[in-house]
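Trainee: Pasting in a structure now, in structure tokens, and then I'll have a few things to ask.
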Amino acid sequence: MREKELIIYRNICGKEGKLLADMSWLMDHYNEPGSAPTVSKKEGTMKELFFGCIHELLELAGNHGFYGNLWHCFLTNLLVNNENSYSRACEVVGAVEGSINQAVLHDIVIFKEFFDFDFAPLKKLFGGESWTLIEQYQSSNEQSKVYNTRIRKRICDLAEQFCHDHTPEEMKETLTQFYKDYGVGKFGLHKAFRIISGEEGAQIVPITNIAHVHMDDLVGYASQKKKLIDNTEAFVQGRKANNCLLFGDAGTGKSSSIKAITNEYYEKGLRVIEIYKHQFRDINDVIGQIKNRNYKFILYMDDLSFEDFETDYKYLKAVIEGGLEKKPDNVLIYATSNRRHLVREKASDKNDRDEDLHTNDTVQEKLSLAYRFGVTIYFGKPAPKEFQNIVRTLAKRYDITMEEEKLLQEANKWELSHGGLSGRTAKQFIDYLLGTASQKT
């Protein structure tokens, strides 16, 4: 087999690279039983290598949740995650022109050889039952550690589609369409990310289990949702859009709104990267990794606020707007906060002239961060009638059968001792009913 002849798709490393190399060696040397596989760099028989590869494929199935033909899923996973000059060019925009297509077709010919390889002699030599398990694997339906159910199904379906492609040209066309529809690598397959800071800089890591929240799940706040949607729509469509600050009372749906747009605009190329206050110094590194990708990125900062002694907000100011380097057009910053002005203000900022001769400068310095968010959206706590409407709507959504008058009485009692009037309190009350027999009375 010719994995060493790959041109565009040759940067396969780690466990995946070793498994591909071991399988390739077996395919080339299975008719030489008893020889030591030099490619594996370890002592052992060919049969041991064969069963070692089966082990790795089963581990892949467990981690990724794959089913069907695991060998084909493994190869497909390599193709959809390989970020190279061709796959990045095709993400979102589709097929490209130029000589690179010849190089890609050269590689796809090699991958098709892997897909179409006849394992019958290997099965006869080493044990057919074991490899049949690989060819017809049934998943245990356990949650994938790498992909959510939607992504896992897409990869397994693509692996099956490759089997129906009769020529390398058809296989290349299928793969290119996948890049256009879903992108490539972690940014193509995942919708939300977090930052891990290390010695080698900021690493952008997928969040594999994001809550399936949608705008309709947030009861009320119609004008607030519209304002957020309008700004996000403009952003994903390539029109001018603003950094956005969602502020107001706790439990009113600010963070849920961000989760909702993450889910609803994924198919339009929106990706959300969650970043915490202590990671602000990594923002330039993060922007450097995403500014040339064909996606729209929101840097999301939840529950953002600063005490008066914290100075990191000055660094954030420069990143948002004010540094010499222009913020890329495919990056916006969305933040949620319980504070309108983000930085804690004291009466002494305006009144204590003994300590600060230029009190207005002090005030403006603390307000300037909030001013750099072009769109600000206020989420206030609901009035009693609005709170009751939220309870009624959620009760209907979750099939709560309690009589309405009693439902609202119990909800009013609940909010008095559980944080007051808010959408979060209403949801917690409904969750309480769902977990008890009270809903049936």
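The values are calculated or read from the model by the stated rules, or taken from the named source; none is laboratory data. Here the structure is a predicted model, which is why all the values come from computation and not from measurement. Neighbour counts run over all protein chains shown; Cβ positions are idealised from the backbone, glycine included. These accessible areas exclude ligands, DNA and RNA; they are computed on the full protein's heavy atoms, side chains included. Shrake-Rupley method; radii C 1.70, N 1.55, O 1.52, S 1.80 Å.
Trainee: If each residue of separation counts as 0.36 nm, what is the full-extension length gain between I196 and T376 once their alpha-carbon separation is subtracted? Walk me through the numbers before you get to the answer.
Mentor: Details: separation 180, 0.36 × 180 = 64.80 nm, distance 2.86 nm.
Between I196 and T376, full extension yields an extra 61.9 nm.
Trainee: Let me spell out the model: positive unit charges on the Cβ of Lys and Arg, negative unit charges on the Cβ of Asp and Glu, origin at the Cα centre of the range 106-149. What dipole size does that give, in debye rounded to 20? All intermediate terms of the calculation are to be shown ahead of the outcome.
Mentor: On the way: 4 positive and 7 negative charges, 23 e Å.
Computed charge dipole of the range 106-149: roughly 100 debye.
Trainee: Per DSSP H run of at least 4 residues, take -39500 (n - 2.57); add these up for the chain, divide by its residues and hand me the 222 nm value, nearest 500 deg cm²/dmol.
Mentor: Values: 19 runs with 221 residues, N = 441.
It comes out at -15500 deg cm²/dmol, rounded to the nearest 500.
Trainee: Which angle from 0 to 90°, rounded to the nearest 10, does the C-alpha axis of helix 46-64 make with the longest principal axis of the chain?
Mentor: Tilt relative to the chain: about 20 degrees.
Trainee: Now for a separate question. Against the longest alpha carbon principal axis of the chain, how many degrees, from 0 to 90 and to the nearest 10, is the axis of helix 404-417 turned?
Mentor: 80
Trainee: Arrange the residues V109, V104 by how much accessible surface each exposes, largest first, with a 1.4 angstrom probe. If you can, show how the numbers build up before the last one.
Mentor: Details: V109 50, V104 0 Å².
I get V109, V104, largest accessible area first.
Trainee: Given R₀ = 41 Å, what would the calculated FRET efficiency be for S223 paired with K153, taking r from the Cβ atoms and rounding to 0.05?
Mentor: Efficiency for this residue pair is about 0.65.
Trainee: Most mobile of Y179, Y334, Y30 per a Gaussian network model of the chain (Cα springs, under 10 Å)?
Mentor: Y30
Trainee: Moving on. Carbon and sulfur together cover what percent of the accessible area of the chain at a 1.4 Å probe radius? Present the calculation step by step, with values, prior to reporting the outcome.
Mentor: Values: 10820 of 22420 Å².
Carbon and sulfur together cover 48 percent of it.
Trainee: What is the total of Lys pairs in the range 110-162 with C-alpha atoms under 27 Å apart, excluding same-chain pairs fewer than 8 positions apart? It would help to have the intermediate numbers written out before the result.
Mentor: Working: K112/K123; K112/K124; K112/K153; K145/K153.
Lysine pairs meeting both conditions in the range 110-162 amount to 4.
Trainee: Show the residues, 5+ positions off or on another chain, whose built amide H is closer than 5 Å to the amide H of F297.
Mentor: Under 5 Å from the amide H of F297 lie the amide H atoms of R271, V331, L332, each far enough along the sequence or on another chain.
Trainee: Among K240/K327; K225/K268; K15/K186; K296/K427, which pairs are too far apart, with a Cα-Cα distance over 22 Å? Show your work: numbers first, answer last.
Mentor: Working: K240/K327 13 Å; K225/K268 18 Å; K15/K186 17 Å; K296/K427 31 Å.
Pairs exceeding the cut-off: K296/K427.
Trainee: Still on this model: For the chain, give the magnitude of the charge dipole about the Cα centre (Cβ charges: +1 Lys/Arg, -1 Asp/Glu; no others), in debye to the nearest 20.
Mentor: On the way: 58 positive and 64 negative charges, 226 e Å.
In debye, rounded to 20, the chain gives about 1080.
Trainee: With the contact rule set at Cα under 8 Å and sequence spacing of 6 or more, what percent relative contact order holds for the range 191-236? If you can, show how the numbers build up before the last one.
Mentor: Details: 24 pairs, mean separation 11.2, N = 46.
In percent, rounded to a whole number, it is 24.
Trainee: Looking at the range 138-209, which GluC sites (Glu not before Pro) are DSSP coil and have at most 10 other C-beta atoms within 10 Å of their C-beta?
Mentor: Working: sites: E142, E160, E169, E170, E173, E199, E200; in loops: E142, E199, E200.
Sites meeting the loop and neighbour criteria: E142, E199, E200.
Trainee: What does the net charge come to around K413 if you take all other residues with beta carbon closer than 14 Å to its beta carbon, with K and R at +1 and D and E at -1? Walk me through the intermediate numbers first.
Mentor: Working: positive: K406; negative: E405, E410, E415.
Net of charged neighbours comes to -2.
Trainee: Calculated FRET efficiency, I207 and A250, Cβ-Cβ r, R0 30 Å, to nearest 0.05?
Mentor: On the way: r = 23 Å, r/R0 = 0.76.
Between I207 and A250 the formula returns 0.85.
Trainee: Just to confirm a number: summing +1 for Lys and Arg and -1 for Asp and Glu over residues other than L20 whose beta-carbon lies under 14 angstrom from that of L20, what do you get? Each step should come with its number before you reach the end.
Mentor: Values: positive: R2, K4, R10, K15, K18; negative: E3, E5, E16, D22, D28, E56, D107, E113.
So the environment of L20 carries a net charge of -3.
Trainee: If you don't mind, another one. Once you keep just the Cα pairs under 8 angstrom separated by 6 or more residues, what percentage relative contact order results for the chain? Spell out each step's value before the answer.
Mentor: Numbers: 610 pairs, mean separation 59.1, N = 441.
For the chain, the relative contact order is 13 percent.
Trainee: Please list the non-local residues whose amide H lies under 5 Å from the amide H of R194, H modeled 1.01 Å from N, same-chain partners needing a gap of 5 or more.
Mentor: Correct list: V205, I207, E274.
Trainee: Turning to a different aspect of this structure: Expected output is a single nm value to one decimal: the length gained when fully extending between Q136 and I100, i.e. 0.36 nm times separation in residues minus the C-alpha distance. What is it?
Mentor: Details: separation 36, 0.36 × 36 = 12.96 nm, distance 3.54 nm.
Stretched fully, the Q136-I100 segment lengthens by 9.4 nm.
Trainee: Given a 10 angstrom Cα cut-off, can you work out which residue in M23, M402, M301 is the most mobile in a GNM of the chain?
Mentor: Maximum among the listed residues: M402.
Trainee: Using only Cα atoms, tell me the angle between helix 149-164 and the longest principal axis of the chain; keep it within 0 to 90° and round to the nearest 10.
Mentor: 30
Trainee: Hey, could you grab the Kirkwood Rh for the chain? Inverse mean 1/r over distinct alpha carbon pairs, Å, one decimal. Could you put the intermediate results ahead of the total?
Mentor: Details: mean 1/r = 0.0391 Å⁻¹.
One decimal place: 25.6 Å for the Kirkwood radius.
Trainee: For the charge dipole of the chain, defined by +1 on Lys and Arg C-beta atoms and -1 on Asp and Glu C-beta atoms about the Cα centroid, which residue among N389, L58, F247 has the Cα displaced farthest towards the positive pole?
Mentor: It is N389.
Trainee: If you count only protein heavy atoms with a 1.4 Å probe, what accessible area per residue comes out for the chain, rounded to a whole Å²?
Mentor: Numbers: 22420 Å² over 441 residues.
Heavy-atom SASA per residue in the chain reads 51 Å².
Trainee: Report the full-extension gain for the segment L434 to T167: residue separation times 0.36 nm, less the Cα-Cα distance, to one decimal in nm.
Mentor: Details: separation 267, 0.36 × 267 = 96.12 nm, distance 5.42 nm.
Value of the extension gain: 90.7 nm.
Trainee: How high is the FRET efficiency from D303 to K124, r the C-beta distance, R0 60 Å, rounded to 0.05?
Mentor: Details: r = 62 Å, r/R0 = 1.03.
E between D303 and K124, to the nearest 0.05, is 0.45.
Trainee: OK, next. May I ask for the net charge around K259, where only other residues with Cβ less than 15 Å from the Cβ of K259 are counted and Lys, Arg are +1 while Asp, Glu are -1?
Mentor: Values: positive: K191, R194, K225, K254, R271, R424, K427; negative: D216, D217, E264, E274, D302, D303.
Summing Lys and Arg as +1 and Asp and Glu as -1 gives +1.
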